[in-house]
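Report on the following structure.
The numbers here are math on the coordinates, done by the rules we state, and not lab data. This one's a predicted model, so the numbers in the text were calculated from it and none came from an experiment. All Cβ positions, even for glycine, are placed from backbone atoms using ideal geometry, and neighbour counts span all protein chains on display.
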Amino acid sequence: MMVADTVYGLASSAHGTWYAACGSGLLRSDDSGESWRDALDTLPIAVPLPLTCVAATADGAIFAGAPGGIVVSLDAGATWSSVPFGSPPPFPATLAVSPDFAADGTVLAGSMEDGVFVSFDRGTTWQAWNIGLFDHSILCLAISPDFAHDGRVFAGCESGIFYSTNRGRFWHATDFPTEQAPVLSLAISPDFARDGTLFAGSATGCFISRDGGREWAATALTEAVNALLIDPVFPAQPTLLALTDTALLRSDDGGSTWVVCEPGVAVAGELTAVAAPAGPGAGQPLLIGTADGVLQVVSLPATRGD
């Protein structure tokens, strides 16, 4: 379905609502992608607001990155507010929400040139925390599933990957090979506290670390990876999806081997974003966005092990 110009980000809420951040604004679907409408119709703006990223929580909070700040809804999109980041206005490129958001209210935003901004009050106020972050071009973020205890966050940048162990207050560089950067996407194991597994999609392929980001190894995927999705019960079900410019690929062995998801997933145009509201299992719906403004719902076909 052609709905807008470039689709930059996708998200789904526990309420069954899907969101698409586009160059012309934020779109919303309440019927599993059959139809879309303007999600910001209650926000008083004179011209369409380009949005580059979106995140949603289980309790109805929605965040979307706009030039200079964030638009926020805490009531499942019924009302919105615009929260500026200050001057010079940064441009958010990625968002990550704490898995313990209901208790800690933590949201992180990575910007194109101004580093990481953090909010601890459900997006009401934000502050830049970039101590030790020597690359301020943030392209992706990943928060540890055990964030309430380990405070660990990863940031993919133009030059590699940085990590924080205190909720973004201070950052350290990892040994991700700089010649494989920029890092476009990250996916963290749901059992990270025990297995330390982290995947990184870069301009040159997909990489894996099994020790919390200290050492990295290349997988068999050697194309630019725009997005990564990991199975919510990984590593018991070691499924991983990778979105390249031209195809959706699937690994059922933790990244060792990959297959193109055809013919069940066939979307024309440059692929930019993917979301799996019910997880990346066979037969589950996938929402894919393109640079041409197409939003298409497809079904992930079965592969070995399904």
Just to be sure I understand the curve: with the Debye formula and one point per C-alpha of the chain, what is log10 I(q)/I(0) at q = 0.08, 0.09, 0.13 Å⁻¹? -0.31, -0.39, -0.87
Here the Cα Rg-to-2.2 N^0.38 Å ratio for the range 157-202 is 1.19
Could you work out the pair-distance distribution P(r) of the range 174-254 from its alpha-carbon pairs, with 10 angstrom bin width and percents rounded to whole numbers? 20, 56, 23, 1
Can you tell me the order of 227-235, 50-58 when each peptide is scored by its average per-residue count of other Cβ atoms within 10 angstrom, highest first? 50-58, 227-235
When R152, R28 are ranked with the fewest other C-beta atoms within 10 Å first, the list becomes R28, R152
Averaging over every viewing direction, what projected area does the convex hull of the Cα atoms of the range 1-119 cover, in nm²? 7.1 nm²
Counting only GluC sites (Glu not before Pro) that sit in a DSSP loop (anything but H, G, I, E, B) with at most 15 other Cβ atoms within 10 Å, what is the longest stretch of the chain containing none of them? 114-214
Whole Å is fine, so just give me how far the alpha carbon centre of the range 178-243 lies from that of the range 23-101. 27 Å
Against the empirical 2.2 N^0.38 Å scaling, what ratio does the C-alpha Rg of the range 80-191 come to? 1.00
HN-Hα J in Hz across the range 122-136 - Karplus 6.51, -1.76, 1.60, θ = phi - 60°, x for Gly and Pro: 6, x, 6, 10, 9, 9, 7, 10, 10, 5, x, 8, 7, 10, 9
Give me V116, V83 sorted ascending by neighbouring Cβ count inside 10 Å, so fewest comes first. V83, V116
Sorted by average packing, counted as other Cβ atoms within 10 angstrom per residue and highest first, what order do 242-248, 253-259, 20-26 take? 20-26, 242-248, 253-259
Computed label-point distance, nm, for sites S159 and S299 using a 7 Å Cα→Cβ extension: 4.8 nm
Using a Förster distance of 51 Å, how high is the FRET efficiency between R169 and S35, based on the Cβ-Cβ distance and rounded to 0.05? 0.75
Using Cβ counts within 10 Å as a stand-in for footprinting exposure, how do T178, T17 rank, fewest first? T178, T17
